[in-house]
Amino acid sequence: MSITQQYLLDTHRARTLGEPEPPAPGRHDLQTVRELREYRRFSAVVAERPARGRVRYALRRWLRPRAL
């Protein structure tokens, strides 16, 4: 069963029972991504790691190793 089919089934069931309809799939995806980014930044600060530029810094270390 696809997401759309499940959503339509849940919507029909909610209307039949007189309950509020569920939110459409994908409606809150952007908000969820933003909250996840904020949580990761907060966790980095609490763990005393840089909150920004960690991927770029790691790639730079990997691509340009120091000379011995």
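Using the Kyte-Doolittle scale, find the helices of the chain whose mean hydropathy is at least -1.0 and whose Cα atoms extend 18 Å or more along the helix's long axis, counting only whole DSSP H runs. Mind showing how you got there, number by number?
Values: long enough: 3-17 (21 Å, -0.56); 29-46 (26 Å, -0.56).
Length and hydropathy pass: 3-17, 29-46.
Using a basic spin-label model with each label point 7 Å from the Cα along Cα→Cβ, how many nm lie between Arg66 and Arg49?
2.0 nm
As I understand it, the dipole of the range 10-68 uses +1 on the Cβ of Lys and Arg and -1 on the Cβ of Asp and Glu, about the Cα centre. Which of Thr16, Val55, Gly26 lies farthest toward its positive end?
Result: Val55.
Heavy-atom accessible area per residue, the chain, 1.4 Å probe: how many Å²?
101 Å²
Give me the number: length gained by fully extending Asp29 to Arg13, i.e. 0.36 nm times residue separation minus the C-alpha to C-alpha distance, one decimal in nm. Please report the intermediate quantities before stating the final value.
Working: separation 16, 0.36 × 16 = 5.76 nm, distance 2.37 nm.
So the extension gain works out to 3.4 nm.
Calculated FRET efficiency, Tyr57 and Leu36, Cβ-Cβ r, R0 22 Å, to nearest 0.05? All intermediate terms of the calculation are to be shown ahead of the outcome.
Numbers: r = 20 Å, r/R0 = 0.93.
Computed FRET efficiency for Tyr57 and Leu36 comes out at 0.60.
The values are calculated or read from the model by the stated rules, or taken from the named source; none is laboratory data. Just so we're clear, the structure is a prediction, and the values are computed from it rather than from any experiment. For neighbour counting, all protein chains shown are included, and Cβ atoms are generated from backbone atoms with ideal geometry for every residue, glycine included. For the accessible areas, the whole protein counts, side chains as well, though only heavy atoms, and no ligand, DNA or RNA atoms are used. Shrake-Rupley method; radii C 1.70, N 1.55, O 1.52, S 1.80 Å.
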